[in-house]
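The values are calculated or read from the model by the stated rules, or taken from the named source; none is laboratory data. Quick caveat, the model's predicted, so the values are computed rather than measured. Cβ sites come from the backbone with ideal geometry, for glycine too, and all protein chains shown count toward neighbours. Note: accessible area is taken over every heavy atom of the protein model, side chains too, but ligands, DNA and RNA are not part of it. Shrake-Rupley method; radii C 1.70, N 1.55, O 1.52, S 1.80 Å.
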Amino acid sequence: MKRAIALAGGGPAVGLSLGALKRLHQEPDIRFDVWTLSCIGAWLGIVWNQAAPGTEAETADSFFRRIFRRDDIYDRFPIAAAFAPDFVSAARNAVDFVLDPHSYRNLVVPDAVQEATEVCLGYLTDPARWSVANFNDLLLNQVLAVHPWSRFLTSWIYKSRTNGLSRIFYPDSPLLARIDFAKLAEPGRPILYHNAYNLTRERLELFSNADSKYRPITGETLCACSALPYIEEPVVIGGETYCEGATVDTVNFKNLLENHPDLDEVWVSRILDVEQVRKPENLLDALNNLVMLFAATTSEDDVRLFKTHLKAERPDIRLIEIPVAFNIDYDWTWSNLDRGIRDGWDAADTVLAAYRAGQTVQLADDPGTPVAAPARKPARRRVRAET
């Protein structure tokens, strides 16, 4: 039996995959020869497989607790421990921007100032226009957009050379120092793949620990596969710029079948779903929704397309999808990590029960067959067993 497992991205929902792996690892006859990974799934897959045999679960759990924060700390500082801005480079970029003569070009646009003055006077003398919408429009377009000082500050923030809120790759990164990449090449380790998008060549690329067709997995490539634009700075490898590959292909299904046509089973841990998205209460929630909503729909569509392809072209390959839990949120807190681990464990346990009975657990929104309730507590989506 040759098995592959796909671990998708999903940032703070990684506990779902970690819990699933913990449960699956308790089954001595279920091991994965091939791992196809993206984003946070790549971090989990690599940390898991570089650990000493028998310590995978403990090693991965300890690693991610360094990225997540205690709830009381996160409460008033809601930023993951790995998302540090590059303060030194940001300061250097700010100084360069201030000293660059081109930064002062077009700060004063005389005809725009004159037009804005006339609009402001018209607004002040016409009470019919005194509404919140008109005031906000006036303040943005007739005051801030034309005032030289606000124009300078805005261009300073958005047009200096800083191109991400945070930076995750450093050659001496203490986070990467906790991963022994050399162990991935030891005999007996499974084949791992992760992707990243090459912005320079405008193409998706794979990296592997054992497949010689691809460049080797390193700390640089791992950070590149998670460099979500705007949130994290892109990573330069060999003079070429990379960003997160999950925005293009969630779990590399096409390459998986091309590289391993002899697979018998593909297990999938897709940890994001649109039903996890909640009404935003603040800017933090809104930013999380912006990132996770498109990622959830992309990963769901990729899995659905893969199922269709298997039915049409490779019905001999069995796909086992671990259902997505909805009780988690997108906070980088220990309690959310623990909740994800519990729910991921339960989801994998439900899958294993059906698997041992010769069935396949699928999401309830797939057509066909009766529904079987999950093993633990009622969820917002049920799962079904399909013979």
Problem set entry | Candidate set from the stretch 63-90 (those that are among the hydrophobic types (A, V, I, L, M, F, W, C) and open to solvent by 50 Å² or more (accessible area, probe 1.4 Å)); member that is farthest from Ser150 (Cα to Cα) | Ile73
Problem set entry | Matching residues, the stretch 154-183, being open to solvent by less than 70 Å² (accessible area, probe 1.4 Å), touching a residue at least 60 places away in the same chain (Cβ under 8 Å) and within 13 Å of Asn93 (Cβ to Cβ) | Ser160, Thr162, Gly164, Arg167
For this session: Please work out which residue is farthest from Glu265 (Cα to Cα), limiting yourself to the stretch 15-30 and to residues that are in contact with a strand residue (DSSP E or B) (Cβ under 9 Å, 6 or more places away or on another chain) and among the hydrophobic types (A, V, I, L, M, F, W, C).
Result: Leu16
Problem set entry | Lone qualifier among Asp302, Asp343, Asp329 - being farther than 22 Å from Ala224 by Cα and either open to solvent by less than 20 Å² (accessible area, probe 1.4 Å) or in a helix (DSSP H, G or I) (or both) | Asp343
Exercise. Given the structure, is Phe207 in a strand (DSSP E or B), open to solvent by less than 60 Å² (accessible area, probe 1.4 Å), under 17 Å from Pro234 (Cβ atoms) and hydrophobic (A, V, I, L, M, F, W, C)?
Worked result: yes
Seminar exercise, completed: Wholly inside the stretch 213-269, strands (runs of 3 or more DSSP E) that include 2 or more residues that are within 25 Å of Phe306 (Cα to Cα) are 240-244, 265-269
Problem set entry | Matching residues in the stretch 149-195 - criterion: being within 23 Å of Ser62 (Cβ to Cβ) and polar (S, T, N, Q) | Ser166, Ser173
Problem set entry | Residue match in the stretch 264-271 (condition: out of contact with any helix residue (DSSP H, G or I) (no Cβ under 8 Å at 6 or more places or on another chain), modelled with pLDDT of 95 or more, open to solvent by 10 Å² or more (accessible area, probe 1.4 Å) and closer than 30 Å to Tyr355 by Cα) | yes
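For (1) touching a residue at least 12 places away in the same chain (Cβ under 8 Å); (2) farther than 22 Å from Ile191 by Cβ, each residue gets a yes or a no:
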| residue | (1), (2) |
| --- | --- |
| Pro234 | yes, yes |
| Gly238 | no, yes |
| Leu257 | yes, no |
| Gln276 | yes, yes |
| Glu321 | yes, no |
Exercise. Hey, any hits in the stretch 67-74 for a residue that's without any contact (Cβ under 8 Å) to a residue 60 or more places away in the chain and more than 30 Å from Thr333 (Cβ to Cβ)?
Worked result: no
For this session: Among what's in the stretch 311-322 and is of a type in the set (A, V, I, L, M, F, W, C) and touching a Phe, Trp or Tyr at 6+ places or on another chain (Cβ under 9 Å), pick the residue that is nearest to Arg342 (Cα to Cα).
Result: Ile322
Problem set entry | Subset of the stretch 85-114 (residues that are of a type in the set (D, E, K, R), in contact (Cβ under 8 Å) with a residue 12 or more places away in the chain and part of a helix (DSSP H, G or I)) | Asp96
For this session: Mind listing whichever residues of the stretch 227-282 are of a type in the set (Gly, Ala, Ser) and over 29 Å from Thr350 (Cβ atoms)?
Result: Ala227, Gly238, Gly239, Gly245
Seminar exercise, completed: The condition of being of a type in the set (S, T, N, Q), crowded, with 16+ Cβ neighbours inside 10 Å and either more than 30 Å from Ala6 (Cβ to Cβ) or modelled with pLDDT under 95 (or both) holds, among Asn93, Asn49, Asn106, only for Asn93
Seminar exercise, completed: Quick count over the stretch 111-137, residues being open to solvent by less than 70 Å² (accessible area, probe 1.4 Å) and closer than 20 Å to Ser155 by Cα, is 3
Problem set entry | Identity of the residue in the stretch 210-233, open to solvent by 20 Å² or more (accessible area, probe 1.4 Å) and among the polar types (S, T, N, Q), that ends up farthest from Ile179 (Cα to Cα) | Ser212
Problem set entry | Among residues of the stretch 250-264, those that are closer than 13 Å to Lys2 by Cα and touching an Asp or Glu at 6+ places or on another chain (Cβ under 6 Å), counted | 0
